[in-house]
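The next block holds one structure in the form of structure tokens; read it before the comments.
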Amino acid sequence: MRAEIAHARPTCARHGMGSRALFQRAQEQAYFVSAVNTLAQAGWCGAGGVLIQSDGVLLGAVGVSGDTSDNDEICAIAGIEAAGLKANPG
């Protein structure tokens with residue numbers, strides 16, 4: 001399910017925070033985040049969804065899957081920064 005996970009991770013942009021921050025919020029407010037996720041039909045799972053910014057403007061997000069969540073996030077950040085943009089993991 002790597003493709004589905006990678007596809008789900010950038011939905012963090014809908015929430016305006018990286019998937020790592022969403023994961024933390026889910027631990028603190030599980031019912032709220034679950035309800036919003038269901039309503040928005042936005043699946044996400046763990047770190048690996050990283051916001052893409054330029055000059056303080058949110059452009060979108062990228063999701064990576066295939067290794068541990070932490071390594072996926074490192075890859076996402078590297079790709080964003082290689083494109084000359086700012087990565088915001090959370």
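If you take the square roots of the eigenvalues of the alpha-carbon gyration tensor of the stretch 50-90 and sort them as a ≥ b ≥ c, do you get rounded (a/c under 1.5), prolate (a/b over b/c) or oblate?
Numbers: a/c = 2.62, a/b = 1.97, b/c = 1.33.
Prolate.
Listed values for the stretch 52-64 are Karplus-derived 3J(HN,Hα) couplings in whole Hz (6.51 cos²θ - 1.76 cosθ + 1.60, θ = phi - 60°), namely 10, 10, 8, 6, x, 9, 6, 9, x, 7, 10, x, 10, and x replaces Gly and Pro.
Taking 35 Å as R0, compute the FRET efficiency from the Cβ-Cβ separation of A82 and S34 and round it to 0.05.
Values: r = 35 Å, r/R0 = 0.99.
In this case the efficiency is close to 0.50.
Once backbone amide H atoms are built at 1.01 Å from N, L59 has I52, Q53, S54 as its partners under 5 Å, excluding neighbours fewer than 5 places away on the same chain.
Values quoted throughout were computed directly from the atomic coordinates according to the rules given, and no laboratory measurement underlies them. Only a predicted model underlies this, so the values are computations on that prediction, with no experimental measurement involved. Positions of Cβ are backbone-derived with ideal geometry, glycine not excepted, and every protein chain shown enters the neighbour counts.
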